[in-house]
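What follows is one structure encoded as structure tokens, with my remarks underneath.
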Amino acid sequence: MSVVLDRTPLLVAVALLAACARREDGRTRDAEPATAPPPLPAADGIDAAVASPSRAADERAIERERLVSSLAAKGIRDPRVLAALRTVPRHAFVPEANRGQAYLDRPLSIGHGQTISQPYIVAFMSEAARIEATDRCLEIGTGSGYQAAVLAELCAETYTIEYLPEVAAQGEKNLRSQGYGAARVALRVGDGYLGWPERAPFQVILVTAAPERVPAPLLAQLAVGGRLIIPVGQQRTGQDLERWLRVAPGSEPSAFRTERLLAVRFVPFLGEGH
Ligand code: SAH
């Protein structure tokens, strides 16, 4: 996701400055939500993660808990979504260089011009999809694998498609190393425009890159009662996050109800098919 793709370094810098300010005066600023954790205690110049892996893991769990509290304060209510974000270690899905910022509510670069979405957006989309534990879920745009891991915590079956092979390899590595095996998250390299017809229909489809129009094959693969959450529009002019609810079989417009949920800015949809 690239809500602040161009401005990410600046925003990260601002967030870091805010964290430094907190460090100095020990207080949280009103203007900046408490998403920035306190620094890890690094004794004698030794990296805390090296000195004590379990203590480092605990520290990250505390940071994660703070992030989840801040998302709840921003309006995320679904307890299953909040629990999923509490469970999945976001820091394991971001490149090492960005790990320190993993629990800020910011998108981060994952290389190849792509980003891991802002946690609020991951939570918002997961909540908007109204996922039930029996649902079969499809994600378009694996990226880091983080959203797929969150889906794996919420869905009975999770499928994810990534267009760029190098990104897919990294996303798959992240997922597998965190215990999300192929039975929990099935991954395919390809054009998500086409969906995953062999596994359709899906109760939930989340799209994490923005096409200019909703791909017809994704609508066709949505179960009756199913929800498609998708950013639509150009990156330049801004996009709307939309929810498409299938209320009847078939492809006529009357088979769907559409709502605009949020103004967003995602990375553009790649591939030939749109
Ligand atoms: N969900 C990801 C966000 C990744 S950014 C995460 O949690 O990290 C969006 C991703 O969508 C990028 O990796 C991009 O390569 C991928 N993408 C763009 N167009 C696509 C398409 N047509 N099919 C599949 N993936 C696509």
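Among 105-117, 232-244, 185-197, sorting by the average number of other beta carbon atoms lying within 10 angstrom of each residue, highest first, gives 105-117, 185-197, 232-244. Taking every protein chain into account, the accessible area of region 180-219 amounts to 42 square angstrom per residue (probe 1.4 Å).
Note the full-extension length gain between Ala83 and Glu96 as 0.36 nm times their separation in residues minus their Cα-Cα distance, in nm to one decimal. Spell out each step's value before the answer.
On the way: separation 13, 0.36 × 13 = 4.68 nm, distance 2.47 nm.
Result for the pair: 2.2 nm of gain on full extension.
What the phi angles of region 87-102 give under the Karplus curve with 6.51, -1.76 and 1.60, with θ = phi - 60°, is a coupling list of 7, 7, x, 4, 4, 6, 10, 10, x, 3, 4, 9, 4, x, 9, 4 Hz, glycine and proline written as x.
Across region 44-203, the fraction of Cα-Cα pairs farther apart than 25 Å, rounded to a whole number, is 29%. Summarising the overall dimensions of region 167-261 from its C-alpha atoms, the Rg and Dmax are 14.7, 44 angstrom.
Loop-located chymotrypsin sites (Phe, Trp or Tyr not before Pro) in region 105-164 (DSSP state other than H, G, I, E, B) with a sparse environment of at most 15 neighbouring Cβ atoms within 10 Å are absent. Put simply, the amide H of Phe202, placed in the peptide plane, has neighbours under 5 Å in Leu222, Ala223, leaving out anything fewer than 5 places away on its chain. Rolling a 1.4 Å probe across all protein chains gives Glu198 an accessible area of roughly 110 Å². Applied to region 233-239, the Karplus parametrisation 6.51 cos²θ - 1.76 cosθ + 1.60 on θ = phi - 60° returns per-residue 3J(HN,Hα) values of x, 8, 5, 5, 9, x, 10 Hz, with x for Gly and Pro. A simple rule links phi to the HN-Hα coupling: the Karplus curve 6.51 cos²θ - 1.76 cosθ + 1.60 with θ = phi - 60°, which for region 208-225 gives 10, 9, 9, x, 7, 9, 5, x, 4, x, 5, 4, 5, 8, 8, 5, 4, x Hz, with x for Gly and Pro. Along its first, second and third principal axes, ordered by size, region 109-223 spans 33, 30, 28 Å in Cα coordinates.
The values are calculated or read from the model by the stated rules, or taken from the named source; none is laboratory data. Predicted model only: the values in this text are computed from it and were never measured. Using ideal geometry, Cβ is built from the backbone for each residue, glycine included, and neighbour counts are taken over all protein chains shown. With ligands, DNA and RNA removed, areas are computed over all heavy atoms of the protein, side chains included. Shrake-Rupley method; radii C 1.70, N 1.55, O 1.52, S 1.80 Å.
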